[in-house]
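Q: This is the structure I want to talk about, given as structure tokens.
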Amino acid sequence: MRYLLSLCLCMAIGLSAMAQKEKNELHFTSSQAQRITVYKGTVFVNGNKAFIFPEDNINYPSKRNRLIEDGKSVFLFLDVAMKTGANRLYVFNIDHSLADTLLTAVSSDVKDWDHDGNMEFGGAEPAIPYVPFTDKGNDSAYYVPSRFYEIRKGKITYDADLTEKTDIKANGVFLAEPYDASGKPKLIKRKKKYS
């Protein structure tokens, strides 16, 4: 009886240790039979090293890690944690045994955000709080620019329409040049809210 109790206890400890094991790999297969594995910060395509991250800061459990195919193009999306700011989506074009980095964007779900029949992704960094130098209150705010991309006809392109609509909704205005000469977001007047 003691032996059976000890065995059950060891199994319970072993199972809980296995359940807590951190996920550090991803596996995908394209319709073109390309095998993509992401393991400890390295992207492998058909067994070949295709890309190595300087640090393994991939958010492995994220549902944003995925393979999307559009036409004959295969895109790998990886959710990567950043030390500052929002997580990033690293987007790769998978071609034969290569993984070409196309772009990085603010991490978001990849879906049809503007209901135009194409999938989009991207967004804005978290807003920087504005501290006024006067006692007149918070009459200004930093412009919070967004940037969205669209998957269309086997290509990923900048989605100007969705970006502009999102910026107007968030900021009340759209600025084509959202940063000043020093690289900081421009200040905009806040809309007054009346009750």
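Q: Need the failing condition index for Val144 against (1) outside the structural domain of Leu26 (by the TED database); (2) open to solvent by 70 Å² or more (accessible area, probe 1.4 Å); (3) β-branched (Val, Ile, Thr), just the number.
A: Every listed condition holds for Val144 apart from (2).
Q: So, Leu76, is that one in the same structural domain as Arg35 (by the TED database), surrounded by fewer than 17 Cβ atoms within 10 Å (Cβ to Cβ), under 22 Å from Lys153 (Cα atoms) and free of Cβ contacts under 8 Å to residues at least 60 places away in the same chain or not?
A: So Leu76 does not fit the description; no.
Q: Kindly check whether there is at least one residue in segment 145-153 that is modelled with pLDDT under 90 and part of a loop (DSSP other than H, G, I, E, B).
A: No; the residues of segment 145-153 include none that is modelled with pLDDT under 90 and part of a loop (DSSP other than H, G, I, E, B).
Q: What pairs can you find where one residue is in segment 172-195 and not assigned by the TED database to the domain that holds Asp161, the other is modelled with pLDDT under 90 and small (Gly, Ala, Ser), and their Cβ atoms are less than 6 Å apart, with a gap of 6+ or different chains?
A: Nothing qualifies.
Q: Scan segment 90-101 and tell me whether some residue there is assigned to a loop (DSSP other than H, G, I, E, B), in contact with a strand residue (DSSP E or B) (Cβ under 8 Å, 6 or more places away or on another chain), among the polar types (S, T, N, Q) and under 20 Å from Thr163 (Cα atoms).
A: no
Q: Residues of segment 81-126 being charged (D, E, K, R) and either farther than 16 Å from Leu67 by Cα or surrounded by fewer than 20 Cβ atoms within 10 Å (Cβ to Cβ) (or both), which ones?
A: Lys83, Arg88, Asp95, Asp100, Asp109, Lys111, Asp112, Asp114, Asp116, Glu125
Q: Sticking with this one: Could you check segment 57-73 and list, in sequence order, the residues that are open to solvent by 70 Å² or more (accessible area, probe 1.4 Å) and within 15 Å of the chain's Cα centre (by Cα)?
A: Pro61, Lys63, Arg64, Arg66, listed by residue number.
The values are calculated or read from the model by the stated rules, or taken from the named source; none is laboratory data. Note that this is a predicted model, so its numbers are computed, not measured. We place every Cβ from the backbone using ideal geometry, glycine too, and count neighbours over all the protein chains shown. Side chains included, ligands, DNA and RNA excluded: accessible areas come from the protein's heavy atoms. Shrake-Rupley method; radii C 1.70, N 1.55, O 1.52, S 1.80 Å.
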